[in-house]
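Below: the structure, in structure tokens.
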Amino acid sequence: MERTSPLADPRPYTLEGRPYFQGFDPGAVPSPCYVVDRAALRWNLEVLRDIGDQSGASVLLALKAFALPQVFPLFREYLDGACASGIYEARLARHEFASPPAGKLPDGRSLRPCTVHTFNPAYRDEDLKELLETSDHLIFNSLDQWVARRDLCLGAAETRPLTFGLRVNPECSLGRVAIYDPCAPGSRLGITARELERQRQSHSRQGINPLEGISELHFHTLCEDSAEALEETLEALEERFGELLRNPAITSLNMGGGHHITKPDYNRALLKELITRIRRRYEVEVLLEPGEAAVIHTGILVSTVLDLPQNDTALAIMDTSATAHMPDTLEMPYRAEVWGSTQGGEYRYRLGGQTCLAGDVIGDYSFSSPLQRGDRLVFDDMSHYTMVKTTSFNGMPLPAIALWDSADQTLEVVRLPRYEDFRARLG
């Protein structure tokens, strides 16, 4: 076992009273290794459940942000379902998240019925047929696409409960990073009010009511945003789509994800007020699809220093990789915090990965003591949009996965890297 660096400080970390890796030893897991704290997950899930109970909203897990089956039973205790982006996520949600059906938990609480909601900008025929079997709600990106597939969808709805919706674009651009802004000019995500009217008139001239069968409106425009940003978005939505919301055929409004609900400074009282207001004003069910909010501050990535070369600056080569294991550090861009690093520390290092990509750089960090080969470093907040994005570029093994529980101090390694996973990817 590699020695544990004193720089990878395992002291308990708390945020707004939540448990976070209390008593955890970074040297107790393989390296590299994602570790998720069940106790921290429970804290987030209790917050989300309170939002649902107090506002009447249904709360779903966005699998695109986090899809670890080993903790799905815990999520099922608190949430109303999962949302998927394609056939594999929908299949995962149906087989691993939505089962078993509603029942009783060991403590006597009722297990909530679980539904699967799927959105994709465009469905292939063969994918749609499977999604009509694995999903409970399907969201379409345009009226043209819905009309082209409506007969197939409504036929499937005759054999099992299914509802269908339309994703709209309220053109309220609040995104700080263009790549994550669904309301940016030219966005392919969601239909604008102008395009909705154009497509509606085009089909009406052919004697077709293109909205027949649509019972839900869906928007997803936020990214790590506040309740105040949601309030601004709802004003834009009502201005552009208020008439459609008042249509009695529309019975639900999905407000998507991007809500930073479990952050300490998030205005949860305002969120509850907004949900209640919309529910009453339009007599609709409201749904939320948090991804990051469900798992923020629940996971870490444990890594080991392999070498300490010099090239105008001190370098530290890690057994993990920015491009393969934490791509948001390059895409967002996002700076991962490291336990034990300090602002303005005497010893400064550029942390980088093992791949051949010159830009495989995690970032520059400083420490109060020098690093040594074999030191364990812990990258903080690594559950969301990290584990789901890993690749085996350059033949990099995927990190192991472990579950820690600060409540009972238990550790379980649930997955180790395997050559077979790499071999099977392309043939």
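The values are calculated or read from the model by the stated rules, or taken from the named source; none is laboratory data. Nothing here was measured: the structure is a model prediction, and the numbers come from that model. With ideal geometry, Cβ positions are generated from the backbone for all residues, glycine too; neighbour counts draw on all protein chains shown. Accessible surface is based on the protein model in full, side chains and every heavy atom, while ligands, DNA and RNA are left aside. Shrake-Rupley method; radii C 1.70, N 1.55, O 1.52, S 1.80 Å.
If R0 is 51 Å, what FRET efficiency do you get for Q206 and A269 from their C-beta distance, rounded to 0.05?
Details: r = 48 Å, r/R0 = 0.94.
Efficiency, from the Cβ-Cβ distance: 0.60.
So what are the three principal axis dimensions of the chain from its Cα atoms, in whole Å, longest to shortest?
Reported extents, whole Å, longest axis first: 73, 50, 44.
Tell me the GluC sites (Glu not before Pro) within region 126-175 that lie in a loop according to DSSP and have at most 13 other beta-carbon atoms within 10 Å.
Here the GluC sites (Glu not before Pro) that fit, given the DSSP loop and packing criteria, are E158.
From the helices alone, meaning DSSP H stretches of at least four residues, give me the mean residue ellipticity at 222 nm for the chain, per-run term -39500 (n - 2.57), in deg cm²/dmol to the nearest 500.
Details: 12 runs with 118 residues, N = 427.
Per the formula, -8000 deg cm²/dmol.
Out of all DSSP beta bridges with both ends in the chain, state the antiparallel percent to the nearest 5. Don't jump to the answer; show the numbers that get you there.
Numbers: 26 of 62 bridges.
Just about 40 percent of them are antiparallel.
For the modelled label position 7 Å from the Cα of A157 along Cα-to-Cβ, which residues of region 170-212 have backbone nitrogen atoms closer than 13 Å?
Only 210-212 pass the distance filter.
Among the trypsin sites (Lys or Arg not before Pro) in region 187-259, which ones are in a DSSP loop with at most 16 other Cβ atoms within 10 Å of the Cβ? Mind listing them? Walk me through the numbers on the way to the answer.
Values: sites: R188, R194, R198, R200, R205, R240, R246; in loops: R188, R205, R246.
Listed in order of number, the matching sites are R188, R205, R246.
I want to verify a result. In a Gaussian network model of the chain, Cα cutoff 10 Å, which of these has the top mean-square fluctuation: Q145, Q409, Q206?
Of Q145, Q409, Q206, the Gaussian network model singles out Q206 as fluctuating most.
At 1.4 Å probe size, with every protein chain present, just tell me what the per residue accessible area of the chain comes to in Å².
Using a 1.4 Å probe on heavy atoms only, each residue of the chain averages 44 Å².
For Q343 and D364 in one chain, what is 0.36 nm times their gap in residues minus the Cα-Cα distance, to one decimal in nm?
On the way: separation 21, 0.36 × 21 = 7.56 nm, distance 1.07 nm.
Extra length from Q343 to D364 when fully extended: 6.5 nm.
Can you list the equivalent-ellipsoid semi-axes of region 197-294, largest first and in whole Å, using the square root of 5 times each Cα gyration tensor eigenvalue? Intermediate results must be reported in sequence, preceding the final value.
Values: eigenvalues 171, 36, 26 Å².
Rounded to whole Å, the semi-axes are 29, 13, 11.
How many angstrom separate the Cα center of region 323-345 from the Cα center of region 221-258?
If you average the Cα positions of each part, the centres end up 33 Å apart.
Between I179 and A148, what's the calculated FRET efficiency when r is the beta-carbon distance and R0 is 35 Å? Round to 0.05.
Values: r = 29 Å, r/R0 = 0.84.
About 0.75, to the nearest 0.05.
Quick query: amide H of G340 versus all other amide H atoms, modeled in the peptide plane; which residues come in under 5 Å with a sequence gap of 5 or more or a different chain?
HN-HN under 5 Å from G340: D9.
Quick one: which residues, 5+ away or cross-chain, put their amide H under 5 Å from the amide H of A314? H built at 1.01 Å from N.
R350
How much length would be gained if the chain were fully extended between L416 and E283, taking 0.36 nm per residue of separation minus their Cα-Cα distance, in nm to one decimal?
Values: separation 133, 0.36 × 133 = 47.88 nm, distance 4.88 nm.
Computed gain between L416 and E283 is 43.0 nm.
Using modelled amide H (1.01 Å from N, peptide plane; none on Pro or chain starts), what sits under 5 Å from the amide H of V286, excluding residues fewer than 5 places away?
The list, which skips near neighbours in sequence, is S58, L253.
At 7 Å along Cα-to-Cβ for each site, give me the label-to-label distance between D50 and E228 in nm.
Placing both labels 7 Å along Cα→Cβ, they lie 2.2 nm apart.
Quick one: go through region 155-181 and flag any residue whose amide nitrogen is under 19 Å from the point 7 Å out along the Cα-to-Cβ line of R198.
Residues 167-172 fall inside that zone.
Across region 54-59, in residue order, what do the Karplus-derived ³J(HN,Hα) couplings come to in whole Hz, using 6.51 cos²θ - 1.76 cosθ + 1.60 with θ = phi - 60° and x for Gly and Pro?
For region 54-59, the Karplus curve yields 7, 9, x, 7, 8, 10 Hz.
Note down the relative contact order for the chain as a percent, whole number, built from C-alpha pairs under 8 angstrom at least six residues apart.
Values: 908 pairs, mean separation 89.6, N = 427.
Answer for the chain is 21 percent.
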